[in-house]
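The values are calculated or read from the model by the stated rules, or taken from the named source; none is laboratory data. These figures come from a predicted structure and were not determined experimentally. Heads up, the Cβs are rebuilt from the backbone with ideal geometry, glycines too, and the neighbour counts pull from every protein chain shown.
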Amino acid sequence: MFRPSCIAIALTAAGFVSVAHAADPALDTSAIESVTGLKGTYNESEKVFKVSKPRNDVKVSVDGWAMPPFMGLTSWAAFTPMKDGAMLMGDTVLFEDEVNPAMSAALDAGLQVTALHNHFFFDQPKVYFMHISGMGDARKLASGVKAVYDRVAQVRAAQPAPTTRFPADIAETSSITPGPIQAVFGTKVQSDNGMAKVVIGLTAQMHGKTVGSDMGVNTWAAFGGSDEQAVVGGDFAMREDELQTVLKTLRGEGIHIVAIHQHMTYEKPRILFLHYWGKGKAVDLAMSVKKALNAQRAVK
């Protein structure tokens, strides 16, 4: 009878070692440090190399208390080896006027943006957290992280204190003409006090029941202000594989992303929600949202 050690040797010789247990290539940690310009730490047990960047350039208070970076105001990016390179996950600490420039930098660098939300209440200035991910060559992933951090630094160099509004004005009195909006979307527009709103429903399964638009599974766009000085605010409902396409399209159109998260649990397929805000001419904003809808529908 073969002893277990003999069996293992025999299987190895025969080439039956599981791919799942094959050794991943080592990370070039020095390259990651060189590219990002940040010193990192290596966790041997998890095979993870992590770089971090405390946000100590802007003073933040939470609940009236001066918040040090150690308490949760540190951006980080973690790398772990994979067969064909590395996997990246990270969280980036951002102020409101940094979010969309940083997001565009991440997307342009080939990274994915997977969540955008707050961690605190009563924070001054408001702080948001943008989660990123990616797979591939470790040096390229590190370059993407560097691009994000550099873009944040550029925003702060231009204006040290975070701004409190997006550029462009919104007309105080709403007087949106619904006809052109309806023509863009090709669906009925709801009107109220000079505002216009479009709602496009989806369906999902929750606890064995179909849920749709009136249960909250929908994409919507609401328009206020005037036809020339308008604002659009809304929400996209998407499958996971549609998120990056919608993000890239909206950012390419100059629409600001203000949140990415889930609204439900146990739904099938999983639905993510993206909240957005844009300013400009009403018809132009409608066409930008419609472009993102078309891009979403084209995802196979």
Review point. List pairs: first in region 158-170 and over 14 Å from LEU94 (Cα atoms) and outside the structural domain of PHE223 (by TED's automatic domain parsing), second in a loop (DSSP other than H, G, I, E, B) and modelled with pLDDT of 95 or more, Cβ under 6 Å, 6+ apart or cross-chain?
Key: ASP169/GLN229; ILE170/GLN229
Check your understanding: Out of region 105-148, which residues are among the hydroxyl-bearing types (Ser, Thr, Tyr), touching a residue at least 60 places away in the same chain (Cβ under 8 Å) and farther than 15 Å from PHE79 by Cβ?
Key -> THR114
Revision key, fill the gap. Across (1) within 25 Å of ALA147 (Cβ to Cβ); (2) modelled with pLDDT under 95; (3) of a type in the set (Lys, Arg), ARG3 clears everything bar (1)
Review point. Say we look at region 151-165 and pick out the residues that are touching a strand residue (DSSP E or B) at 6+ places or on another chain (Cβ under 9 Å) and not aliphatic (A, V, I, L, M); which of these is surrounded by the fewest Cβ atoms within 10 Å (Cβ to Cβ)?
Key: THR163
Practice item. May I ask you to list the residues in region 73-86 that are under 19 Å from the mean Cα position of the chain (by Cα) and either surrounded by fewer than 18 Cβ atoms within 10 Å (Cβ to Cβ) or of a type in the set (Val, Ile, Thr) (or both)? Key: THR74, TRP76
Exercise for review: Could you please find all residues in region 150-167 being part of a helix (DSSP H, G or I) and within 21 Å of the chain's Cα centre (by Cα)?
Suggested key: ASP150, ARG151, VAL152, ALA153, GLN154, VAL155, ARG156
Exercise for review: Could you tell me whether any residue of region 196-207 is of a type outside the set (D, E, K, R) and touching a Gly at 6+ places or on another chain (Cβ under 6 Å)?
Suggested key: yes
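Return the residues of region 166-193 that are among the aliphatic types (A, V, I, L, M) and buried (at least 16 other Cβ atoms within 10 Å of the Cβ); say none if nothing qualifies. Quick ask: steps written out before the conclusion?
Within region 166-193, the subset among the aliphatic types (A, V, I, L, M) is 168, 170-171, 176, 181, 183-184, 189.
Across region 166-193, the qualifying residues are ALA171, ILE176, ILE181, VAL184, VAL189.
Identify, please: which residue in region 201-224 is in a strand (DSSP E or B) and under 21 Å from the mean Cα position of the chain (by Cα) and is, among those, surrounded by the most Cβ atoms within 10 Å (Cβ to Cβ)?
Just the residues of region 201-224 that are in a strand (DSSP E or B), to begin with: 201, 204-206, 209-211, 218-224.
Still in the running and under 21 Å from the mean Cα position of the chain (by Cα): 218-221.
Details: ASN218: 19, THR219: 22, TRP220: 17, ALA221: 27.
For region 201-224, the residue satisfying everything is ALA221.
Taking ARG156 as the residue in question, decide whether it is of a type outside the set (Val, Ile, Thr), over 16 Å from VAL60 (Cβ atoms) and at pLDDT 95 or above. So that I can check it myself, show each step before the final result.
Values: of a type outside the set (Val, Ile, Thr): yes; over 16 Å from VAL60 (Cβ atoms): no; at pLDDT 95 or above: yes.
So ARG156 does not fit the description; no.
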Check your understanding: Restricting the search to region 225-244, which residues are touching a Ser or Thr at 6+ places or on another chain (Cβ under 7 Å), under 20 Å from ARG165 (Cα atoms) and crowded, with 23+ Cβ neighbours inside 10 Å?
Key -> GLY225
Review point. Within region 89-114, can you find the residues that are under 21 Å from GLU242 (Cβ atoms) and of a type in the set (A, V, I, L, M, F, W, C)?
Key: MET89, VAL99, MET103, ALA106, LEU107, ALA109, LEU111, VAL113
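Could you identify the single residue in ASP28, ASP24, ASP57 that is modelled with pLDDT under 90 and among the acidic types (Asp, Glu)? Spell out how you get there, then give the answer.
Values: ASP28 fails: modelled with pLDDT under 90; ASP57 fails: modelled with pLDDT under 90.
Exactly one of ASP28, ASP24, ASP57 is modelled with pLDDT under 90 and among the acidic types (Asp, Glu), namely ASP24.
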Review point. Residues in region 276-294: is at least one closer than 17 Å to GLY201 by Cα, without any contact (Cβ under 8 Å) to a residue 12 or more places away in the chain, assigned to a helix (DSSP H, G or I) and not charged (D, E, K, R)?
Key: yes
Check your understanding: Which residues, taken from region 251-272, are assigned to a strand (DSSP E or B) and touching a Phe, Trp or Tyr at 6+ places or on another chain (Cβ under 7 Å)?
Key -> HIS256, ILE257, VAL258, HIS261
